[in-house]
Amino acid sequence: MLFRILKHEDLKKLYDLLSRGNRVIGPVRKGADKDGNPIYAFEEIGDFINIHLDYTTTKIPAKKFFMPFREVMADFRIKGKDWEKKIGFNIGSPFIVFGMHACDINALNKLDKVLLGSHYPMPYYAAKRKNMFIVGIDCIPQPYCFCRSMGSDTALHGFDMFLTDLGDHYFVEILSDTAYNFLRQITNAEPTESDHARYMKAASEKNRKFTAHVDTTDLTKILDMEFQADVWKKWGDQCLSCGTCANVCPTCYCYGVDESVALDLSRAQKIKSLYSCNLIDFAEVAGGHNFRPESHTRLKYRYYHKHRGFVEAYEESLCVGCGRCGESCLAGITVPEVIASVRGGEN
Amino acid sequence: MSSQIKFTDITAGQQRRHFRENDLGAFENTYKAEITAVHRLTAIENLFRIQIVDPTDRKKFVFQPGQFVMLELPGIGEAPFSISSSASRHGDLELCIRRVGSLTNFLFRLDRGTHVGIRGPFGTGFPMDQMHGENILLIAGGLGLAPLRSPIAYVQENRNLFDNVDIIYGTKEPSQLLFTYQYDMWRADDVNLHIIVEKGDPAWKGPVGMITKVLQDIFMHRHADYFQKTYAIVCGPPVMFKFVCTMLNERSIPMEKMFVSLERRMHCGMAKCCRCNIGSTYICLKGPVFDYWSVMNMKEAI
Ligand SMILES: Cc1cc2nc3c(=O)[nH]c(=O)nc-3n(C[C@H](O)[C@H](O)[C@H](O)COP(=O)(O)OP(=O)(O)OC[C@H]3O[C@@H](n4cnc5c(N)ncnc54)[C@H](O)[C@@H]3O)c2cc1C
Ligand code: SF4
Ligand code: SF4
Ligand code: FES
């Protein structure tokens, strides 16, 4: 990996360079919650001053830009008994994500495993994902973050460049030659020994700020053993089966497909919408049988898929510990609490 | 039909991260297929014969008994159906379909000559080659005969490769029996056919009871060494798996030599939508056919 040092005041130059001819997505301030804390969101940026690089976590991850909640997969033209199907991967124009936290970058890496690296790569995702350029940025751990427990507090790949704020300048990790070539066009420097030391100090200071933890030791086995445990019923009684947790999760990708037809029967569309395994009909099959009829079986399934099934398939969990699901859950269900209670700890 | 992915530069003069388009083509690749015949089997089940329209695609369409296709009615939806005909008939398929909901109701209104879409074949099949030289028990309950008909055709076409062959089939009532017109043909091919219904009617002369009763009766007359070289394929409602497979296991047939087909709702067939996911297993990719040992190790599988 190549490292460079970039002065604070030169960051705008980098932005200008990147945004020339490209869409830029970045964290912006959308308002404030009832306690006056700012609410952030990923949005298209028109001007560098709108980007809030010191943002906490966005309420909703950046997934709408590469995995839209609703997407037309194909169009049909119907003529009597015959029809033509036209597939469109909705490629869109390339874009830059300017200021993505390590957890969200890791979420993309996990999605890549399922949606790109598996048996049938998904072109709808690939079409957008492969046209992204990612500038990562370091973050300040929030009370609900447990990314460190999930091994997602640092990103090792999946970005083009990553910035760590060292006070008056940024420590830049360069991962792609595209990033290298951009950076070549603005003033930057080789980091010195003291920059390295400051970087490591910043990293260890950050580590000390994590308050929420999840013990993942033997978790796959424990989830298997505790499959029938009563704690699931307790959480299930609380859960509203609203699906918000999946909505705000950067790694949830389950979807449903619907078709709709024009009133005159001349055209039809095949539409993909993101779904949630917490919604009641997710595991229903023909004849009305539902494999997961109760809310606790569905809630358990979500944990089971993320913290056991995915680990078995990819040797890592499908959760990056961003804490968004717990933050947004109206029933106050958080991953650290659920896992601790399943492990038999405090609940 | 497949649309191309183009990659635009983000930076000056460089093509970024090239991705092989061929890998992506399969995702929504639909074959246009024509309904060439419709047979009424019962009050709620029809046999649809469909043929891939393009002759080249038809020849290319190869599948294993037990695999399924996603059948698409444009504007209505898509659903998985097991291929219910011989695997040696490429691209000319029979689907035995029960009318249960929106898509199937619409399908039952379509005439011959209508075009439908199919994607696939998807999933795993029954490992027929493994069974060569052995006895086979083909056990079906209700609509389970639909997926079983493809391995039955395989056995018929390669009858000399198998030892003793039994088909054991049960439904609730005689009126629900599928493919009654084929029974004599199966028997003629030296297959023992055992049929049982849970509740007879005045015309019914055959046995009455559960499938497990038939199994008990047959097993009484089989030597211990019969069980040493026997495979079983079990298709039907999930409750049936437990009873039947437990019985087979008691006769020392290893669970790895019993195969079942699992049902889940499927929206993609390509291990993406997670509809059919159980833990780490996508039924559409690693199934629907599983050996019973694997099923025992999956939570909420049946
Ligand atoms: C691998 C595999 C192979 C299969 N093979 C066959 C086969 O060979 N033959 C066959 O007949 N079937 C087969 N099936 C089952 C078949 O896929 C389903 O019967 C089919 O999806 C039904 O589609 P549908 O649109 O007609 O029913 P749907 O409209 O999807 O209805 C199915 C059921 O869902 C419920 N439902 C639907 N809409 C609602 C609603 N709004 N609210 C509440 N409940 C609702 C109902 O209980 C209904 O009975 C197979 C399934 C799998 C997974
Ligand atoms: S866990 Fe919370 S957010 Fe998720 S479905 Fe249940 S109530 Fe909704
Ligand atoms: S499960 Fe919750 S904490 Fe984990 S990645 Fe999803 S939203 Fe973040
Ligand atoms: S049907 Fe979509 S994952 Fe299996």
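The values are calculated or read from the model by the stated rules, or taken from the named source; none is laboratory data. Just so it is clear, the structure is predicted and the values come from calculations on it, not from any experiment. Ideal geometry is used to build each Cβ from the backbone, glycine not excepted, and the neighbour counts take in all protein chains shown. Surface areas here come from the heavy atoms of the whole protein model, side chains and all, with no ligands, DNA or RNA. Shrake-Rupley method; radii C 1.70, N 1.55, O 1.52, S 1.80 Å.
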Count of the stretch B:277-295 residues which are open to solvent by less than 20 Å² (accessible area, probe 1.4 Å), within 11 Å of ligand 4 (Cβ to nearest atom) and modelled with pLDDT under 90: 3
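For every residue, the table says whether it meets (1) more than 14 Å from ligand 2 (Cβ to nearest atom); (2) in contact with a strand residue (DSSP E or B) (Cβ under 7 Å, 6 or more places away or on another chain); (3) of a type in the set (Lys, Arg).
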{"site": "A:Ile280", "(1), (2), (3)": "no, no, no"}
{"site": "A:Ser295", "(1), (2), (3)": "no, no, no"}
{"site": "A:Arg298", "(1), (2), (3)": "no, no, yes"}
{"site": "A:Lys306", "(1), (2), (3)": "no, no, yes"}
{"site": "A:Ser317", "(1), (2), (3)": "yes, no, no"}
{"site": "A:Ser328", "(1), (2), (3)": "no, no, no"}
{"site": "A:Gly332", "(1), (2), (3)": "no, no, no"}
{"site": "A:Ala340", "(1), (2), (3)": "yes, no, no"}
{"site": "A:Arg343", "(1), (2), (3)": "yes, no, yes"}
Matching residues, the stretch A:119-134, being assigned to a loop (DSSP other than H, G, I, E, B) and of a type outside the set (Phe, Trp, Tyr): A:His119, A:Pro121, A:Met122, A:Lys130, A:Asn131
Those residues of the stretch A:264-299 which are hydroxyl-bearing (Ser, Thr, Tyr) and open to solvent by 10 Å² or more (accessible area, probe 1.4 Å) amount to A:Ser266, A:Ser273, A:Tyr275, A:Ser295, A:Thr297
Close pairs from the stretch A:109-120: first at the interface with another protein chain (Cβ under 7 Å from one of its Cβ atoms) and over 18 Å from A:Met150 (Cα atoms), partner in a loop (DSSP other than H, G, I, E, B) and open to solvent by 30 Å² or more (accessible area, probe 1.4 Å), Cβ under 8 Å, at least 6 apart: A:Tyr120/B:Ala26
Would you mind telling me which numbered condition in (1) modelled with pLDDT under 95; (2) part of a strand (DSSP E or B); (3) of a type in the set (Lys, Arg) B:Lys59 fails? (2)
Checking B:Met270, B:Met247 in turn, the sole residue that is facing chain A (nearest Cβ under 9 Å) and either surrounded by fewer than 23 Cβ atoms within 10 Å (Cβ to Cβ) or within 16 Å of ligand 3 (Cβ to nearest atom) (or both) turns out to be B:Met270
Is it the case, given these coordinates, that B:His115 is in contact with a helix residue (DSSP H, G or I) (Cβ under 7 Å, 6 or more places away or on another chain) and either of a type outside the set (A, V, I, L, M, F, W, C) or within 13 Å of another protein chain (Cβ to nearest Cβ) (or both)? no
Can you find even one residue in the stretch B:283-293 that is among the hydroxyl-bearing types (Ser, Thr, Tyr), in contact with a Cys (Cβ under 8 Å, 6 or more places away or on another chain) and away from ligand 1 (no atom under 12 Å from the Cβ)? yes
Which one is farthest from the other protein chains (Cβ to nearest Cβ), of the residues in the stretch A:311-326 that are touching a residue at least 12 places away in the same chain (Cβ under 8 Å) and assigned to a helix (DSSP H, G or I)? A:Gly326
Taking the condition of being in contact (Cβ under 8 Å) with a residue 12 or more places away in the chain and away from ligand 1 (no atom under 12 Å from the Cβ), how many residues in the stretch B:250-267 meet it? 9
In the stretch A:263-286, which residues are at the interface with chain B (Cβ under 8 Å from one of its Cβ atoms) and among the aliphatic types (A, V, I, L, M)? A:Leu265, A:Ala268, A:Ala283, A:Val285, A:Ala286
Condition first: hydrophobic (A, V, I, L, M, F, W, C) and more than 16 Å from ligand 3 (Cβ to nearest atom). Now tell me which residues in the stretch A:247-278 satisfy that. A:Val257, A:Val261, A:Ala262, A:Leu263, A:Leu265, A:Ala268, A:Ile271
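Here is a yes/no grid of residues against (1) at pLDDT 95 or above; (2) among the hydrophobic types (A, V, I, L, M, F, W, C); (3) open to solvent by 40 Å² or more (accessible area, probe 1.4 Å); (4) in a strand (DSSP E or B):
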position	(1), (2), (3), (4)
B:Gly120	no, no, no, yes
B:Gly133	no, no, yes, no
B:Leu143	no, yes, yes, no
B:Pro151	yes, no, no, no
B:Asp163	no, no, yes, no
B:Gln182	no, no, no, no
B:Met185	no, yes, yes, no
B:Asp190	no, no, yes, no
With the first residue restricted to the stretch A:239-258 and required to be facing chain B (nearest Cβ under 9 Å) and touching a residue at least 12 places away in the same chain (Cβ under 8 Å), and the second required to be open to solvent by 20 Å² or more (accessible area, probe 1.4 Å) and more than 12 Å from ligand 3 (Cβ to nearest atom), Cβ contacts under 6 Å at 6 or more apart or on different chains are A:Cys254/A:Tyr275; A:Tyr255/A:Leu274; A:Tyr255/A:Tyr275; A:Gly256/A:Ser273; A:Gly256/A:Tyr275; A:Gly256/B:His267; A:Val257/B:His267
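Quick grid of which residues meet (1) of a type in the set (A, V, I, L, M, F, W, C); (2) closer than 15 Å to A:Thr251 by Cβ:
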position	(1), (2)
A:Gly309	no, yes
A:Glu316	no, yes
A:Val320	yes, yes
A:Cys325	yes, yes
A:Ala340	yes, no
Being in a loop (DSSP other than H, G, I, E, B), more than 15 Å from the chain's Cα centre (by Cα), away from chain B (no Cβ under 14 Å) and among the hydrophobic types (A, V, I, L, M, F, W, C), is that true of even one residue in the stretch A:46-68? yes
Quick check: anything in the stretch A:240-248 within 22 Å of A:Ala102 (Cα to Cα), within 16 Å of ligand 4 (Cβ to nearest atom) and out of contact with any Asp or Glu (no Cβ under 9 Å at 6 or more places or on another chain)? yes
Can you list the strands (runs of 3 or more DSSP E) found entirely within the stretch B:65-109 that contain at least 2 residues being near ligand 1 (Cβ under 8 Å from one of its atoms) and among the hydrophobic types (A, V, I, L, M, F, W, C)? B:77-82, B:92-98
